[in-house]
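Notes to accompany the following structure.
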Amino acid sequence: MKLRNKINLYTAFLFAILLLIINITVYYSFSKLILDSELNTAHNEMQNISENIGKSLVTISEGILLRSYVPINGMIQIVTKDNNDNSAPFTSPGAHDLSKRKSVFYSNEVSKTIEYQDRLYSFESMPIILQDGSIANLQITKSMETATNNLSTLRLVLIMVTLLALIPVLISSRILSNLITKPVTSMIRTMTDIRQSGAFKRLKLEGNSKDELFQMGQTFNHMIDLLEINFDKQKQFVSNASHELKTPLTIIESYASLLKRRGLKEPKLFSESIEAIHSEAIRMKEMTEQLLMLARHHEQWNIELNQLNIKQLITQTIKGFKNAYNRDIRFVVENDTPLFIETDEKKLKQLLFIFLDNARKYSDETISVELGNDHDEVYIKIIDHGIGIPEIDVPKVFDRFYRVDKARSRKQGGSGLGLSLAKEIADAIGVRIHLDSVLGAGTTVTILSKNFEK
Ligand code: ADP
């Protein structure tokens with residue numbers, strides 16, 4: 001069943017039940033009130049009549065007396081104990097049938113409602129002493145037709161009210177269900193459109209109300225924005241990756257065919273080709289490793305967080321780097337107190353290597369590494385005095401495959417993936433990175449991490 005119909009049905013059903021409970025309660029309370037009051041009046045009348053009859057029996061005959069007290073729509077009679085000497089009942093014109101009802105003698109006063117031939121009557125029985133000294137019952141049976149007529153009118157009114165009240169309920173539940181289902185249906189339509197066309201579409205958000213449904217629409221649109229951004233990024237990434245891999249493959253292919261044709265005859269060409277193929281193969285290997293790492297989620301990186309003496313770690317990294325590239329690196333430590341941070345050793349080394357490698361590639365002078373403590377944060381600065389980055393490019397250098405000077409970066413063996421990988425690593429091991437650069441003056445990369453004092 002559709003959501004709209006469910007809302008309609010449940011609302012109408014619940015409201016109908018509520019109305020029914022209220023109306024039934026009203027009806028029964030009212031009918032009890034009316035019948036009780038009728039019975040009370042009949043009882044009071046009976047008391048008066050029995051008193052009068054008791055007094056007048058001496059002077060006036062029983063028959064005349066009883067006839068004068070016949071109720072408008074009912075019967076009066078005297079019932080004796082053994083039911084043999086009963087006087088004939090006196091009935092009003094419309095109530096002759098009552099006389100056929102079997103009379104019963106009661107030893108006490110009785111006041112109750114009875115049903116006879118589908119009609120409701122009040123029945124009063126009062127013991128009286130007859131002229132001969134015997135005890136008999138004076139019984140008056142009186143129709144309660146007016147009360148029952150009133151009650152059936154009330155019943156009709158309540159049924160009508162229940163039915164009439166259901167009309168606004170149905171209308172309001174329809175409005176409510178429309179209000180709820182409209183954005184949902186529009187969302188479903190947009191989703192179907194997206195599925196069929198493959199295009200990222202947004203919901204049209206109408207109205208000024210900032211209710212939950214509006215928020216749901218907004219969240220949906222934000223989600224689509226994010227999906228589109230990610231989708232574009234992925235598309236860009238795949239096309240960049242294939243483009244980047246195509247270049248070294250073309251170089252390798254052209255050198256290989258050169259070797260095939262003239263390699264054996266020209267030893268100089270042979271060594272040049274082998275050199276080029278080798279360096280391109282290394283670049284491709286590095287690039288694919290970086291790509292694989294970027295493609296994997298942080299959880300798959302096997303991060304192990306430990307408290308590390310950061311000075312020791314930097315000294316080791318610099319030593320390894322100096323050996324590999326034979327570059328001059330100056331290590332400056334702010335003070336001699338050992339500094340500890342909680343991080344993954346291997347990944348932090350990899351991070352330092354990326355920044356040191358960039359400093360090496362894009363500068364010729366001595367590279368400086370500074371270690372210090374600012375408030376409760378440990379900082380590591382990698383400073384070079386090289387070509388620097390134009391201000392406009394600084395925010396973009398962390399994007400995948402972004403290179404300020406493509407030709408120069410390629411010549412240096414760069415792929416444009418180093419800094420984006422650095423950003424991912426920093427996020428994964430819980431450190432922050434900051435890059436400052438002045439074109440022509442140099443670049444400073446700062447790594448910041450919480451100080452863990454031992
Ligand atoms: P690449 O492998 O090309 O170096 P990165 O992601 O490491 O890729 O860097 C992106 C771009 O940022 C580089 O191509 C380069 O233009 C610029 N860059 C990064 N570090 C430096 C630096 N220390 N000095 C100057 N330019 C830099």
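Considering every alpha-carbon pair of the range 212-295, the percent of pairs per 5 Å bin, from zero through the bin containing the longest distance, is 3, 13, 14, 13, 11, 9, 8, 7, 6, 4, 4, 3, 2, 2, 1, 0. Summing +1 for each Lys or Arg and -1 for each Asp or Glu among the other residues whose beta-carbon sits under 11 angstrom from that of Phe353 gives +3. Explain nothing, just the number: relative contact order of the range 6-147, from Cα pairs under 8 Å at least 6 residues apart, as a whole percent. Dividing the mean separation by the residue count of the range 6-147 yields 23 percent.
Taking all protein chains as shown and a probe of 1.4 angstrom, Leu179 keeps an accessible surface of around 110 Å².
By a 1.4 Å probe calculation restricted to protein chains, Tyr325 has an accessible surface near 90 Å², given to the nearest 10. Ordered from longest to shortest, the equivalent ellipsoid semi-axes for the chain are 111, 28, 17 Å, each the square root of 5 times a Cα gyration tensor eigenvalue. Computed over the range 3-151, the alpha-carbon pair-distance distribution with 5 angstrom bins reads 2, 9, 16, 18, 15, 10, 7, 5, 4, 4, 3, 3, 2, 2, 1, 0, 0, each value a whole percent.
If you take all other residues with their beta carbon under 13 Å from the beta carbon of Gly198, and give Lys and Arg +1 and Asp and Glu -1, the sum is +1.
Using C-alpha pairs below 8 Å separated by at least 6 residues, the relative contact order for the chain is 10 percent.
Each DSSP beta bridge with both residues in the chain is either parallel or antiparallel, and the antiparallel ones are about 90%. The angle between the Cα long axis of helix 345-361 and the longest principal axis of the Cα atoms of the chain comes to about 50 degrees, rounded to the nearest 10. Modelled spin-label separation between Gln196 and Asp405, with each label point placed 7 Å from Cα along the Cα-to-Cβ direction: 5.4 nm. The residues packed around Thr315, meaning those with a beta-carbon under 14 Å from its beta-carbon, carry a net charge of +2 if Lys and Arg are +1 and Asp and Glu are -1. Just to be sure I follow the definition: excluding the sites themselves, where is the longest run in the chain that has none of the GluC sites (Glu not before Pro) in a DSSP loop with at most 16 other Cβ atoms within 10 Å? It runs 1-108. Taking 20 Å as the straight-line reach from the Cα of Lys260, the lysines in range (excluding those fewer than 8 positions away in the same chain) are Lys268. Given the pairs Lys2/Lys182; Lys347/Lys406; Lys201/Lys396; Lys319/Lys396; Lys361/Lys381; Lys381/Lys406, which span a C-alpha to C-alpha distance of over 20 angstrom in this model? From the list (Lys2/Lys182; Lys347/Lys406; Lys201/Lys396; Lys319/Lys396; Lys361/Lys381; Lys381/Lys406), the Cα-Cα distance tops 20 Å for Lys347/Lys406; Lys201/Lys396; Lys319/Lys396; Lys381/Lys406. Helix 212-258 and the longest principal axis of the C-alpha atoms of the chain enclose an angle of approximately 20°.
Within the range 363-380, find all residues whose amide N lies under 18 Å from a label point positioned 7 Å from the Cα of Arg330 along Cα-to-beta-carbon. Taking a point 7 Å out along Cα→Cβ of Arg330, the residues of the range 363-380 whose backbone N falls under 18 Å are 363-372, 380. Gain on full extension, evaluated as 0.36 nm per residue between Phe353 and Ile175 minus their Cα-Cα distance, stands at 57.6 nm. The largest accessible area among Ser437, Ser99, Ser107 belongs to the first residue in Ser107, Ser99, Ser437, and the rest follow in falling order (1.4 Å probe, all chains). Compared with the alpha-carbon gap, the fully stretched path from Arg101 to Gln412 is longer by 99.7 nm at 0.36 nm per residue. Axis angle, to the nearest 10 degrees, between helix 3-56 and the longest C-alpha principal axis of the chain: 20 degrees. Taking 15 Å as the cut-off, the amide N atoms of the range 39-59 that come nearer than this to a point 7 Å along the Cα-to-beta-carbon line of Ser87 belong to 49-59.
Think of the range 304-450 as having a plus end and a minus end, set by charges on the Cβ of Lys, Arg, Asp and Glu; of Leu305, Leu352, Val333, Leu352 sits farthest toward the positive end of this dipole. Volume of the convex hull of the range 144-235 (Cα atoms only), normalised per residue: 122 Å³. Backbone phi angles across the range 200-210, fed through the Karplus curve with coefficients 6.51, -1.76 and 1.60 (θ = phi - 60°), yield HN-Hα couplings of 7, 10, 10, 7, 7, 9, 9, x, 9, 5, 9 Hz in residue order; Gly and Pro are listed as x.
Estimated from the Cβ-Cβ distance and a Förster radius of 51 angstrom, the FRET efficiency linking Ser31 and Lys204 is about 0.35. Solvent exposure of the chain amounts to 61 Å² per residue of accessible area, where only protein heavy atoms count and the probe is 1.4 Å. Overall, the chain carries a charge dipole of about 2260 debye about its Cα centre when +1 sits on the Cβ of Lys and Arg and -1 on the Cβ of Asp and Glu, all other atoms neutral. Would you count, across the range 3-151, every pair of lysines whose alpha carbons are under 30 angstrom apart, provided the pair is eight or more residues apart or spans two chains? Final tally of qualifying lysine pairs is 18.
The tail of the calculated P(r) for the range 304-450 beyond 20 Å holds 45 percent of all Cα-Cα pairs. Secondary-structure-derived ellipticity at 222 nm for the chain, considering helices only, amounts to -19000 deg cm²/dmol, per-run term -39500 (n - 2.57) for DSSP H runs with n ≥ 4. Annotation note: trypsin sites (Lys or Arg not before Pro) in the range 157-218 located in DSSP loop regions with a Cβ neighbour count of at most 13 within 10 Å are Lys204, Lys210. Taking all protein chains as they are arranged and a probe of 1.4 Å, the heavy atoms of Asp193 leave approximately 60 Å² accessible to solvent.
The values are calculated or read from the model by the stated rules, or taken from the named source; none is laboratory data. These numbers come from a predicted model, not from an experiment. We place every Cβ from the backbone using ideal geometry, glycine too, and count neighbours over all the protein chains shown. Keep in mind that these areas ignore ligands, DNA and RNA; they rest on the heavy atoms of the full protein, side chains included. Shrake-Rupley method; radii C 1.70, N 1.55, O 1.52, S 1.80 Å.
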